[in-house]
Each structure stands twice: as structure tokens, then as C-alpha cells.
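One structure below.
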Ligand code: ADP
């Protein structure tokens with residue numbers, strides 16, 4: 001035999017919608033939000049850093065290349081122009097070279113290599129010849145050309161967004177590399193032996209190259225850092241997801257434990273109250289039972305023998321009232337658990353069905369529709385079938401009475417059985433007026449009733465409570481929206497050890513009786 005039970009009976013107050021568990025920190029949501037933010041910031045910062053590095057790298061590379069190219073041009077100039085100029089062999093000056101020679105040299109050499117301008121400067125920095133005729137005679141930079149001539153070391157610098165007149169004569173804004181190389185009267189393989197007589201300035205357009213270098217490194221930075229961030233994010237996400245599940249499980253367990261604790265506390269109070277009242281009630285009920293039976297029997301006999309009709313009617317009224325008193329006493333005895341329990345393996349569906357059969361006619365007379373929904377193959381439990389029937393009858397009759405007080409909407413009672421975890425759940429719900437909020441926590445108290453004197457004893461639900469408690473289950477009452485009350489009974493699943501011990505499993509049934 002297997003006992004899967006949660007002991008004790010429960011009563012809960014308030015509406016079902018009010019029973020929401022305590023809120024938990026949404027770890028996963030915060031993780032995703034902060035991760036997206038961090039990934040965005042890291043990717044942007046990495047991109048910016050890579051662009052700076054690309055710029056620096058590009059500048060170094062381009063400057064050295066341009067210096068080499070300009071030095072090559074200087075060598076070409078030495079052999080093709082300087083040696084054949086009239087100043088050859090003497091202390092020369094750029095002014096001794098004919099402008100047409102300079103122009104021819106510039107025109108012949110300034111092809112390819114993105115050259116947009118070639119200038120020849122004298123040692124003072126004055127432009128003697130330029131592919132931009134407007135610059136001839138001007139002094140573009142006062143410091144650099146004399147310094148280059150003095151040290152004999154070529155100089156190149158990358159300059160952004162300069163407005164330059166290109167070889168076609170058009171003014172354009174572009175990124176350039178500006179290179180100065182000294183012109184000396186010694187052969188290019190031994191320049192230190194000669195003396196400088198001018199400076200060759202070369203401007204090259206590197207706008208496209210720079211943009212390409214930047215975009216390439218930006219692409220590498222973004223793809224690289226985003227990929228790394230995504231891999232890291234996925235790993236962390238899986239980790240956090242697992243942690244979140246564990247936290248969630250623990251949180252649910254804690255909430256459940258807290259609820260169970262509250263339920264157990266409430267149950268202890270209720271049980272103590274019931275035990276004290278039950279003891280008192282049981283003694284009184286036993287004492288009252290015999291005299292009431294005697295009064296009932298004798299008044300019935302006397303009524304038959306009464307000499308006048310009036311006496312006979314009075315005696316019959318005494319008989320009826322004593323019968324009512326006997327019924328109340330029986331209820332009291334049931335409440336105080338004085339009755340003997342006979343537990344067997346029962347099918348809750350069959351037991352509920354048997355109880356409903358007793359009420360279906362009455363319900364249809366009262367124009368109440370009963371919707372019955374039973375889970376097929378519901379597990380068995382060990383129970384006193386009579387008591388379970390009484391439990392269902394009490395709940396149904398209360399629902400009926402509540403519905404009779406309401407008007408307007410179609411009257412309905414829902415009875416449902418299902419397995420809920422390790423328990424069998426029986427729900428009886430109606431769409432009556434519901435339980436007044438201020439009394440919902442007291443409905444299981446013995447003798448608590450909101451009905452008029454004579455129509456309610458206030459014992460129905462206390463009896464239900466006692467029955468459920470005797471079966472190791474729980475019962476709770478709650479209001480439902482938009483209107484109505486719901487009673488939820490949970491009984492432990494108790495399966496027989498062998499098939500012979502139990503009875504065949506019941507059939508599935510969902511039925512609805514017409515109102
Ligand atoms: P009685 O029916 O004799 O009043 P019960 O113990 O059965 O005693 O019920 C106690 C009280 O619980 C009722 O007086 C009523 O106020 C409330 N109650 C029980 N069932 C319902 C229901 N289905 N709808 C509204 N109120 C209910």
C-alpha cells in the first residue's frame with residue numbers, strides 16, 4: 001500500500017485570484033538587458049579603438065612608402081634633369097633649372113601612385129614650379145622645406161581633408177600624404193657628399209586607401225568583438241538559465257512551504273477548535289438522542305389516539321419538530337466523528353456519481369444545470385464511500401441553496417474530478433452570489449451560518465471539514481469571478497497493493513444534465 005498524502009484540512013479565505021505567489025527577482029530578463037547593453041558598448045569601443053589603431057598604422061605605412069617614392073623621384077630628377085642643367089658641376093640652385101625642364105619632369109613622372117600635385121621649392125621654401133600654376137612664387141610652409149634641406153632627411157605627413165588642385169586643374173578636398181625630399185647635387189647613392197639646392201614636394205591622394213583601411217579594421221573589430229561577445233553571452237546565458245531554474249525551483253519550494261506552514265497553522269487552530277466543540281457536542285448529542293427518539297415515537301402514537309383533531313395536529317407538529325431535532329443530533333454526531341468509519345478502496349468518480357444521482361432530479365426541478373466532468377482513470381483512494389457521498393451532497397446542497405437565492409442568470413453547478421499532483425481533486429462550483437468576503441474564513445466553523453433560524457444549522461461544512469480531515473485531505477473555499485463560490489477538496493491517492501485489493505478502474509465520463 002502506498003500513501004501519498006498531505007495531512008490536514010485547509011480552509012482558505014479570499015478570492016482565487018488573490019493567491020498569487022510572492023514576486024521573484026527577474027534574473028534572466030536583467031541579464032539579457034545588461035548583456036545587450038554591454039555587448040553594444042564593448043563593440044562600439046572596440047570599433048573606435050580599432051579605427052584609431054588602423055589610422056596610426058596607415059599613417060606609418062603610407063609615410064614610409066611615400067618617402068621611398070619621393071626619394072626615387074629625386075634620383076630620377078638628378079639623372080634626367082639636374083645633370084643636364086647648366087648648374088651641373090657648380091654650386092647650383094633650382095632657379096638655374098629651366099621651368100620647361102621642371103614641367104616636363106613633372107608631367108612625365110606624376111602618373112600613377114595617386115600623385116595629385118608636384119612642387120619644386122628653393123631652399124627658402126618658395127615654390128619655383130608647381131603643377132598648380134597658382135602656387136608658383138608662394139611659400140606654403142615656412143619651416144619644413146629649409147629643415148628638410150638642412151638635415152637631408154625626407155619628411156612625409158598624412159593630412160586630412162586638404163583642398164588641393166589636382167593634375168586636371170580641379171580643386172578637391174581629400175586626405176593627402178605630403179612628402180618633402182631634398183634635392184642635392186651629389187649622386188643619389190651618396191647624397192651626403194653633395195649640397196642641397198632645392199626640395200621636391202609631392203602630394204598624393206590617399207582618401208580611398210584611408211577609408212578602406214578604416215572600414216576593414218572596423219569590420220574586423222565589429223565582427224570579432226560581436227562574435228566573441230555572442231559566444232560569451234551564450235555561455236553565460238546557459239549558466240544563468242540554469243541558475244535561474246534552480247532559483248525558481250527553490251523560490252517555488254519556499255513559497256509552497258510558506259503556504260503549507262500557514263495552512264498547517266490555520267488547520268491546527270481549526271482542529272483544536274473542532275476537537276473542543278466536538279467533545280462537548282458529542283456528549284450532549286448522545287444524551288439528547290434517546291429522549292428525542294422517545295418523544296418522537298410517543299407523539300406519533302398519541303397523535304393516532306388523540307380525541308380531537310386539534311390535539312392530533314399539535315401532537316403531529318411535536319412529532320415533526322422532534323424528528324428535526326433528531327436529524328440535528330445526527331448531524332452533531334457526524335460532526336463529532338462519533339460515527340464509525342468503514343474505509344475501502346473506492347473510485348472517487350463512482351462515489352461522486354452516486355451522490356449526484358441523489359440530487360440530479362432535484363436540480364432539474366429547481367432549474368439548475370449540473371455540469372459534471374470526471375477525469376478518466378482517476379487513481380483510487382482509501383475512503384469511507386458513505387462519508388465521501390455525504391461530503392459531495394453537503395457541498396451540492398449548499399450550492400443549490402446559494403443558487404436559489406440568486407436570480408437573473410442561468411443557474412449552474414459544476415462538479416469536477418481530476419488528479420492534481422499526488423492528490424485527487426474534487427471541485428464543486430456554482431455561479432450563485434458567492435460567500436460574503438467578511439465570512440469566507442469562517443464557513444468551516446461549527447454552527448456558523450448566514451441562513452435564517454430553522455433553515456441552516458451551520459454544521460454542513462464543519463462535517464465536510466471533519467470528513468476530509470479523517471481522510472488525510474484538505475478542503476478550501478474561495479470565491480470565483482465574476483460570481484459564485486468554489487469548494488476544492490483534495491484527497492490523497494492511495495493505490496491498492498494488488499489488483500484484487502482494489503476494484504476495476506472507472507470509465508471516463510463527462511456529462512451535463514439539462515436544467
Ligand atoms: P448551513 O448551510 O447550515 O448554513 P454550512 O456549514 O453548510 O451551514 O455553511 C455555512 C455557511 O457557508 C452558509 O451559511 C453560507 O453562508 C456559506 N456557504 C456555504 N456554501 C456556500 C455556497 N455555495 N455559496 C455561498 N455561500 C455558501
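The values are calculated or read from the model by the stated rules, or taken from the named source; none is laboratory data. In this text the structure is predicted, and so the values were computed from the model without any measurement. With ideal geometry, Cβ positions are generated from the backbone for all residues, glycine too; neighbour counts draw on all protein chains shown.
Among what's in segment 423-473 and is within 19 Å of residue 393 (Cβ to Cβ) and assigned to a strand (DSSP E or B), pick the residue that is nearest to the ligand (Cβ to nearest atom).
Filtering first and then ranking leaves 430.
Could you grab me the full set of residues in segment 409-422 that are within 16 Å of the ligand (Cβ to nearest atom) and more than 15 Å from residue 376 (Cβ to Cβ)? Even if it seems obvious, please write down each step before you answer.
Initially, segment 409-422 is screened for residues within 16 Å of the ligand (Cβ to nearest atom), giving 409, 411-416.
If the condition is that a residue be within 16 Å of the ligand (Cβ to nearest atom) and more than 15 Å from residue 376 (Cβ to Cβ), then 409, 411, 412, 413, 414, 415 are the ones that fit.
Across segment 194-208, what is the number of residues that are over 18 Å from residue 102 (Cα atoms) and either part of a loop (DSSP other than H, G, I, E, B) or touching a strand residue (DSSP E or B) at 6+ places or on another chain (Cβ under 8 Å) (or both)?
6
Look through 306, 266 and report the one residue that is within 30 Å of residue 446 (Cβ to Cβ) and either modelled with pLDDT under 90 or under 39 Å from the mean Cα position of the chain (by Cα) (or both). Walk me through it before giving the result.
Working: 306 fails: within 30 Å of residue 446 (Cβ to Cβ).
Testing whether each residue is within 30 Å of residue 446 (Cβ to Cβ) and either modelled with pLDDT under 90 or under 39 Å from the mean Cα position of the chain (by Cα) (or both) leaves just 266.
To keep it simple, each residue is scored yes or no on (1) free of Cβ contacts under 8 Å to residues at least 40 places away in the same chain; (2) under 24 Å from residue 474 (Cβ atoms); (3) out of contact with any helix residue (DSSP H, G or I) (no Cβ under 6 Å at 6 or more places or on another chain).
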position: 359; (1), (2), (3): no, yes, no
position: 368; (1), (2), (3): no, no, no
position: 383; (1), (2), (3): no, yes, yes
position: 412; (1), (2), (3): no, no, yes
position: 417; (1), (2), (3): no, yes, no
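Determine which member of the set 272, 264, 294, 276 is surrounded by 13 or more Cβ atoms within 10 Å (Cβ to Cβ) and assigned to a helix (DSSP H, G or I).
Details: 272 fails: surrounded by 13 or more Cβ atoms within 10 Å (Cβ to Cβ); 294 fails: surrounded by 13 or more Cβ atoms within 10 Å (Cβ to Cβ); 276 fails: surrounded by 13 or more Cβ atoms within 10 Å (Cβ to Cβ).
Matching residue, one of 272, 264, 294, 276: 264.
Could you say whether any residue in segment 168-177 is at pLDDT below 85 and at positive phi?
no
With without any contact (Cβ under 8 Å) to a residue 40 or more places away in the chain, in contact with a strand residue (DSSP E or B) (Cβ under 9 Å, 6 or more places away or on another chain) and part of a helix (DSSP H, G or I) as the only criterion, which of 149, 141, 211 stands out? Walk me through how you get there before you give the answer.
On the way: 149 fails: without any contact (Cβ under 8 Å) to a residue 40 or more places away in the chain; 141 fails: part of a helix (DSSP H, G or I).
The unique qualifying residue is 211.
Can you say whether residue 221 is surrounded by 12 or more Cβ atoms within 10 Å (Cβ to Cβ) and part of a helix (DSSP H, G or I), as far as the supplied structure shows? I'd like the intermediate steps shown before the answer.
Working: surrounded by 12 or more Cβ atoms within 10 Å (Cβ to Cβ): yes; part of a helix (DSSP H, G or I): yes.
Considered against the rule, which asks whether it is surrounded by 12 or more Cβ atoms within 10 Å (Cβ to Cβ) and part of a helix (DSSP H, G or I), residue 221 comes out as yes.
Report whether or not residue 356 is within 16 Å of the ligand (Cβ to nearest atom), more than 41 Å from the chain's Cα centre (by Cα) and under 30 Å from residue 282 (Cβ atoms). Give the steps one after another, and end with the answer.
Numbers: within 16 Å of the ligand (Cβ to nearest atom): yes; more than 41 Å from the chain's Cα centre (by Cα): yes; under 30 Å from residue 282 (Cβ atoms): no.
Against the criterion (within 16 Å of the ligand (Cβ to nearest atom), more than 41 Å from the chain's Cα centre (by Cα) and under 30 Å from residue 282 (Cβ atoms)), residue 356 does not qualify.
Would it be correct to say that residue 371 is in a strand (DSSP E or B), exposed (fewer than 15 other Cβ atoms within 10 Å of the Cβ) and within 42 Å of the chain's Cα centre (by Cα)? Working first, answer last.
On the way: in a strand (DSSP E or B): yes; exposed (fewer than 15 other Cβ atoms within 10 Å of the Cβ): yes; within 42 Å of the chain's Cα centre (by Cα): yes.
Yes, satisfied.
If you take the residues of segment 474-490 that are more than 8 Å from the ligand (Cβ to nearest atom) and in a loop (DSSP other than H, G, I, E, B), which of them is surrounded by the most Cβ atoms within 10 Å (Cβ to Cβ)? Steps first, answer last, please.
So in segment 474-490, the residues more than 8 Å from the ligand (Cβ to nearest atom) come out as 474-476, 478-483, 486, 488-490.
Remaining after also requiring in a loop (DSSP other than H, G, I, E, B): 480-483.
Numbers: 480: 16, 481: 9, 482: 7, 483: 14.
Within segment 474-490, the match that is surrounded by the most Cβ atoms within 10 Å (Cβ to Cβ) is 480.
For segment 383-408, how many residues are within 8 Å of the ligand (Cβ to nearest atom) and under 18 Å from residue 425 (Cβ atoms)?
Counting residues in segment 383-408 that are within 8 Å of the ligand (Cβ to nearest atom) and under 18 Å from residue 425 (Cβ atoms) gives 3.
With respect to residue 316, is the statement that it is surrounded by fewer than 16 Cβ atoms within 10 Å (Cβ to Cβ) and in a helix (DSSP H, G or I) true?
On the way: surrounded by fewer than 16 Cβ atoms within 10 Å (Cβ to Cβ): no; in a helix (DSSP H, G or I): yes.
So residue 316 fails the test.
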